[in-house]
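Presented below is the structure to which this report refers.
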Amino acid sequence: MTTASNSLGETNSEAAPALKDDLDRSEPGSQGDTRPLVAVELARSREYSTADLEANRRSYLWSSRPRILHLGLFVTAYVLAAGFAQALAVVPGTGISIWPPSGLFIATLVIAPTRSWPWWVIAGLLGELFSSALWFHNSLPVALLIYSGNALEAITGAWLVNLACRRPVRLETLQEVLAFVLLAAGLAPFASATVGSATLAWFGVQSFATAWPLWWIGDATGVLIVAPLAVVVFQNLRGKTRLSGGQWMEAGVLGLIFLSVSTLSLSGYLPFAYIVMPPLLWAAVRFEFKGAAVTLTLLALITAIFTISGASQFISDPQSQKHSQIMLQLFLAISAFSALIVAAISRQHQQAVLTLRESQRQLQQMIDALPVRVWSATPAGEPLYFNKRYQDHFRSVIRNFESLRTPSIDGLVHGLAHPEDAPEVQRTLRACFESGSAAVMRFRLLEKDGAYRWSECRVEPRRDDDGAVAEWYGVSVDIDDEVRAQQALRERERELSQLVDMVPVQIRRLTPEGNPTFFNKRLLDFFGLNDLAQLDKPGMSRLAAAITSLVHPEDTARLLETVRHSLATGEPYSTKYRMRRADGAYRWVDGRGEPVRDQSGAIVQWFAISIDVDDEMRLYSDLAEREAKIRRLVDSDIIGIVIWDLDGRLIDANDAFLRMVQCDRADLQAGLRWFDMTPPEWQEVHAREEAEELKATGKMQAREKEFFRKDGSRIPVLIGAACFEGQSKQGVAYILDLTERKRAEAAQVRAEEALRRASEELARAMNAASLAELSASIAHEVNQPLAAVVANSNACERWLMAEPPNVQRAQKIVGRIIRDANSAADVVSRIRALFKQSLDARLDTTLGGVVDQARTLMAEEAARSRVPINIDVERDLPVIALDRVQIQQVLVNLMRNGIEAMDGVGDPKSLAVRVHRVGDAIQTEVSDWGPGVEQLDRMFEPFFTTKEQGMGMGLAISRSIVESHGGRLWVEKNEPRGATFIFTLPVETEKAP
């Protein structure tokens, strides 16, 4: 009907001017004057057209009528949504909080055809009147005015959304969602809020300023919540939602989580209502627009239930209820906006993924349909893909191709390329795979008829973000006809051939005198020039100006001389130099120049090109330096280098390794294997640990082992290995001969043993040397118990001679005599122990007791020097096996040195002995307040002393005693003065038998 009406209108509009022109050209009264007839026909045409148009309009309007069932459902939904809104009117006198009918109305008009909008507006009016009668009890004028604002809002929002998004609107893209939010939920509610607030103010219900913001945000929230659900329902009335079993399970779990979180948060058990956002956004991400619409509806229903029941956290006292209502509206609006935006982003992501997959499929089909042969390979050159044309070619020339495993590129080249071309193609491909550079090859390829045809293969790498080669691509094109044509035309088109040979990069043209007249665009862009005139300088030719301005100063003179020589002699030139790029960086180029001559041989112009070879120059430099380093390493006589494969075979080795194992090149060619050279006790380690480590990590950490020499003797070595990059079957091993090191270690062990024996001998000598110094203390120790024995014997005699004899007292005295005699015997035993060297003297002893005895021995000497001795022994120290007399000698020596060091030093004086555990050792510290030690590194050298009468053997012997017990003795400076001698004895020292 729309098309018929438009055609009729266009015919009438075009016929009227034509008829008028005919009447104007005809003269009155002339034969054939048709003006009266035309006028009559025109009048009839207009009369009939107006009637037909009116009938068409009525027919058009009636034919656009929706089904009565749909209109009835719309009216019912409108009334129920209005009742729902009334239930959420938590603030008396402020109207509703959320107006869901606005979302229903806009969604209906967005989906419905524009010509049916009048019917939906009439149905909305009925719904509004029913709602006013049932829920709001407004007067008819108020209801009509409010509805006019609602209808204007719905029509405006639907029109704007359709205009911005184009039909059909599915709200599946971010653009559609943003347009819907801004236009339908943001801009359209201005109409209803303005009309409704004005109506309330006119009838004295509420002021315009108070009602307008609540009305606007209520309509906007209703649009955001209800319209998406309505769109989902309308779009899926005849379709079925296709979800997998896992998606249904995820939807169920998500629903339970969402219902639980929203119930707890909105009922006030959780302090923050927006905690429902994670499950809401989860639904939007996983189920896109449908999930967002359903969860928003559930959220609105749960909010309504708790709001109506008064248990919602958005219900408060009357003074702050208006604020709570605004918070409720904002909560629902923000939730809806966030869910819709996230759903749109998720949908766009899914569409992008589907588009990518479809693009890949189409690309695959396109590649297979191309009239070229395409292949791809790994960075190491292993084939990944051959397109259909290549596979068809392989099947036609290779027997049993289907039964073969994935063929190697090298093998295919060897079997299919012309024997004269195959080696060069293989070298070029290997160079590409090793260097990462592209290449173009021309070679003859075997076809199914047995003939060879010329093909051109271009090999290009695809690099990742780090610049490393991720994959290789090759395209082979049949150029047989082209090659043959070139061969036929080469002699006749020499000038053209010269240009073609020099094309692909920067080109310039020069006059016979050498002045540049043309730079191609690539060269101008390289230099950052817009025109050659920028190179002109007063008093200088353009050639000289160009070279001095654009070439590296170190290359300027050489290039000028080369070019001028060619200009003078007419000879071509080729040289490498550095050109300055627009950003100031210099890059190496390969410059070439060729003259163009006329038939007489005169030069008419010069053509020159420059090819960027900066990367190649740097690469060649790096490769040359690397090769030199590797060659120096391989040729060295220090480290043995072996090339091997994973089955244990030695492929190659340098002379240093062959000398180690007493073999020669003939033995290597005859076949050497790691396993045969490995002693039996190392074979299991070689087979299990080394091979597995190489297979797993591609390298083997350096370790010591032994190899058999050719004569059967063994050689200790340090060996490390690594697989070659890109391979897992071959690698290189580095072997270092440890024979001299093992000999040095053995010699060191023997020297250390000799030093230990000498130290023990020195310690015994020190014992004897120190005997004279200890004699006074020993005599004092012996005299004390002996004097006590004599005194007690006299006392015992008196008690026995008494009348009557006092036997009890005498017995006590006898006990004292026995004790003092034992003390004297202990002193004698210690003297004998000084000259006894045996581990039998080591007993399980607490070090605290030895310290107490040493203090007793030094007590009289310390008293004479007025030096107090402070002892600090940690409790619960473990017993250790030690030679009590020797350790006591060490303590006495250190304590005597400390006391003597404080002679001539003013107060305060103090000698401190501290014993405590440090890890697995017991540490003893002897500290004094003397002048300190100056030469710490020489204190324990034999015969080094700082005393006038000293022998310099005390500290050396003491260190020997401590080290023979497995401990360590050293000295540290005190602050502000003095020194601390410290020695440790291990707890794990060999126990006494």
To the nearest Å, what is the center-to-center distance of the range 875-923 and the range 338-407, using C-alpha atoms only?
-> 83 Å
Taking R0 as 56 Å and r as the Cβ-Cβ distance between Leu182 and Arg442, the FRET efficiency 1/(1 + (r/R0)^6), rounded to the nearest 0.05, comes to 0.40
Rounded to one decimal in nm, the spacing of the 7 Å Cα→Cβ label points at Lys742 and Val814 is 7.2 nm
Out of residues 5 or more away from Gly528 or on other chains, whose amide H comes under 5 Å of its own, with H placed 1.01 Å from N in the peptide plane?
-> Ala582
Tell me, what ³J(HN,Hα) does each residue in the range 63-71 have, in order and in whole Hz, if you take phi through Karplus 6.51 cos²θ - 1.76 cosθ + 1.60 with θ = phi - 60° and put x for Gly and Pro?
-> 5, 8, 5, x, 5, 4, 4, 5, 5
Taking a crude spin-label model, label points 7 Å out from Cα along the C-beta direction, the His916 to Glu797 distance in nm is 5.5 nm
Long-range HN-HN contacts of Lys576 with modeled amide H, under 5 Å = Gly591
Given unit charges at Cβ for Lys, Arg (+) and Asp, Glu (-), the dipole magnitude of the range 352-464 about its Cα centre in debye, nearest 20, is 200 debye
Hey, got a sec? Which GluC sites (Glu not before Pro) in the range 364-438 land in a DSSP loop and have at most 13 other Cβ atoms within 10 Å?
-> Glu420
Taking amide H positions as placed 1.01 Å from N in the peptide plane, with prolines and chain starts having none, which residues 5 or more places from Gly930, or on another chain, fall under 5 Å of its amide H?
-> Gly978, Ala979
Residue span Glu482 to Ala133: 0.36 nm per residue of separation minus Cα-Cα distance leaves a gain in nm of 116.7 nm
Just subtract the alpha-carbon distance of Arg427 and Ala369 from 0.36 nm times their residue separation and send over the number in nm, one decimal.
-> 17.8 nm
With θ set to phi - 60° and the Karplus curve 6.51 cos²θ - 1.76 cosθ + 1.60, what are the ³J(HN,Hα) couplings of the range 844-849 in order, to the nearest whole Hz, using x for Gly and Pro?
-> 6, 9, 8, 5, x, x
Karplus couplings for the range 608-621 from phi (6.51 cos²θ - 1.76 cosθ + 1.60, θ = phi - 60°), rounded to Hz, Gly and Pro as x?
-> 9, 10, 9, 10, 5, 10, 4, 5, 5, 4, 5, 5, 4, 5
For Leu224, what charge total do you get from the other residues with a beta carbon under 15 Å from its beta carbon, if Lys and Arg give +1 and Asp and Glu give -1?
-> -3
Counting other Cβ atoms within 10 Å, which GluC sites (Glu not before Pro) in the range 511-607 have at most 14 and lie in a DSSP loop?
-> Glu513
Would you mind putting 453-461, 736-744 in packing order, based on average other-beta-carbon counts within 10 Å, highest first?
-> 453-461, 736-744
Greater than 24 Å apart at Cα, pairs in Lys695/Lys742; Lys521/Lys576; Lys388/Lys448; Lys388/Lys729; Lys388/Lys695 = Lys695/Lys742; Lys388/Lys729; Lys388/Lys695
Check: C-alpha center the range 647-687 vs C-alpha center the range 797-825, spacing in Å is 87 Å
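Values in this text are rule-based calculations from the coordinates and carry no lab data. These numbers were taken from a predicted model, which means no experiment stands behind them. Glycine gets a Cβ as well: all are built from the backbone with ideal geometry, and neighbour counts include every protein chain shown.
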